[in-house]
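Here is the structure we will look at.
The values are calculated or read from the model by the stated rules, or taken from the named source; none is laboratory data. This one's a predicted model, so the numbers in the text were calculated from it and none came from an experiment. Here the Cβ positions follow ideal geometry from the backbone for every residue, glycine too, while neighbour counts run over all protein chains shown.
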Amino acid sequence: MKGQIFARVLRFFQKYAPSITLAVGVLVFWEVVVTVFAIQQFLLPKPSAILTEYLNELRLFLDPAGASLLFEASGATLREAIGGFVIGCGSGIGIALLTARWTAVNQALMPFAIAANSVPIIAFAPIMNNWFGITNPFSKMAIVSIIVFFPTMINTVRGLTLIDPNQLELMHSYAASPMRIMRDLRIPNALPYIFSALRIASSLSVVGAIVGEFFGGPLWATLGDFITQEASRFNFARAWSAIIMASLIGLSMYFVVLALERWLMPWHVSFRTDSS
């Protein structure tokens with residue numbers, strides 16, 4: 001048992017050692033360059049200064065009598081990102097399931113989906129804020145849902161339609177109904193495509209929420225507002241600490257999706273290769 005645990009830990013470090021080494025090297029290089037060349041804080045603060053601000057906010061968050069503006073703002077942005085992620089990805093998968101059965105509908109919708117997916121995020125923010133209100137969290141959720149909807153729908157449609165003809169012919173030879181084919185063939189075939197889209201959407205959702213927040217909201221109530229206000233006050237280390245929180249939120253959502261993928265798709269070849 002101990003040998004298996006040690007082997008898993010060793011594989012983990014072997015897998016992620018290059019990434020960890022690169023991250024540490026970049027931070028050390030950043031600290032040295034800012035110190036040696038005396039780069040001003042408003043241009044680029046030191047990683048140590050950013051870490052100090054982050055730890056101060058973490059101490060306030062863990063203190064029952066304290067209140068951390070950074071973590072309160074992070075909680076609001078996290079709710080917006082998750083809400084938009086669920087609405088957008090759920091709608092994308094649902095529409096793909098409804099339209100994958102009819103080729104004509106797919107061919108008609110796909111150009112519009114691709115065109116809408118190419119619209120910059122910043123174009124949706126003023127419209128959604130005008131529709132739902134600047135301070136309404138649903139305006140940011142709407143922005144996120146639009147951003148993640150199209151990649152999810154496009155990938156799901158590809159997974160549902162790119163079926164091995166031999167497998168499809170075998171199902172027809174068994175007189176399988178369209179619903180049975182969808183359940184036993186198309187959906188399992190689409191799962192890798194769906195989770196590939198969900199991994200991308202987990203990061204896009206945080207980006208979309210923060211971009212929407214840049215266009216207005218309660219002061220310091222969200223990460224976008226926090227970054228804007230702290231930067232305007234020349235507290236750039238605190239602004240960068242909010243960027244760290246945004247990165248942590250994005251990574252957390254990504255790893256949740258990855259864990260869900262491992263749970264629902266243990267049969268996939270990539271996971272069999274990792275566990276071998």
> Taking the stated definitions as given, is residue 185 free of Cβ contacts under 8 Å to residues at least 12 places away in the same chain, surrounded by fewer than 22 Cβ atoms within 10 Å (Cβ to Cβ) and either at positive phi or assigned to a helix (DSSP H, G or I) (or both)?
Replying inline: no
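Hey, among 194, 143, which residue is under 30 Å from residue 230 (Cα atoms) and among the β-branched types (Val, Ile, Thr)?
Numbers: 194 fails: under 30 Å from residue 230 (Cα atoms).
Within the list 194, 143, the selection yields 143.
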>> Just to be sure I understand the filter: pairs with C-beta atoms under 8 Å, separated by 6 or more residues or on different chains, first member in the stretch 63-87 and under 20 Å from residue 239 (Cα atoms), second member in a loop (DSSP other than H, G, I, E, B) and of a type in the set (Ser, Thr, Tyr). Which pairs pass?
In response: 73/222; 76/222; 77/222; 80/222
>> So for the stretch 163-181 (the condition being under 15 Å from residue 92 (Cα atoms), assigned by TED's automatic domain parsing to the domain that holds residue 123 and in a helix (DSSP H, G or I)), does at least one residue qualify?
In response: no
>> I'd like to know if the stretch 78-99 contains one or more residues that are closer than 20 Å to residue 206 by Cα and charged (D, E, K, R).
In response: yes
>> So, restricting to helices (runs of 4 or more DSSP H) that lie completely within the stretch 52-152, which ones have at least 3 residues that are surrounded by 14 or more Cβ atoms within 10 Å (Cβ to Cβ), of a type in the set (Phe, Trp, Tyr) and at pLDDT below 90?
In response: none
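Out of the stretch 194-217, which residues are part of a loop (DSSP other than H, G, I, E, B) and surrounded by fewer than 24 Cβ atoms within 10 Å (Cβ to Cβ)?
Going residue by residue through the stretch 194-217, those that are part of a loop (DSSP other than H, G, I, E, B) are 214-217.
Within the stretch 194-217, 214, 215, 216 meet the criteria.
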> Pairs, please: C-beta under 9 Å, at least 6 apart or cross-chain, first residue touching a residue at least 24 places away in the same chain (Cβ under 8 Å) and in the stretch 28-43, second surrounded by 11 or more Cβ atoms within 10 Å (Cβ to Cβ) and part of a helix (DSSP H, G or I)?
Replying inline: 41/34; 41/49; 41/236; 41/237; 42/231; 42/236
> Only one of (1) farther than 13 Å from residue 97 by Cα; (2) in contact (Cβ under 8 Å) with a residue 60 or more places away in the chain; (3) under 16 Å from the mean Cα position of the chain (by Cα) fails for residue 200. Which number is that?
Replying inline: (2)
> Pairs under 8 Å by beta carbon, first residue under 14 Å from residue 222 (Cβ atoms) and in the same structural domain as residue 87 (by TED's automatic domain parsing) in the stretch 132-149, partner in a helix (DSSP H, G or I) and of a type in the set (D, E, K, R), six or more apart or different chains?
Replying inline: 137/79; 137/80; 140/80; 140/213; 141/80; 144/80
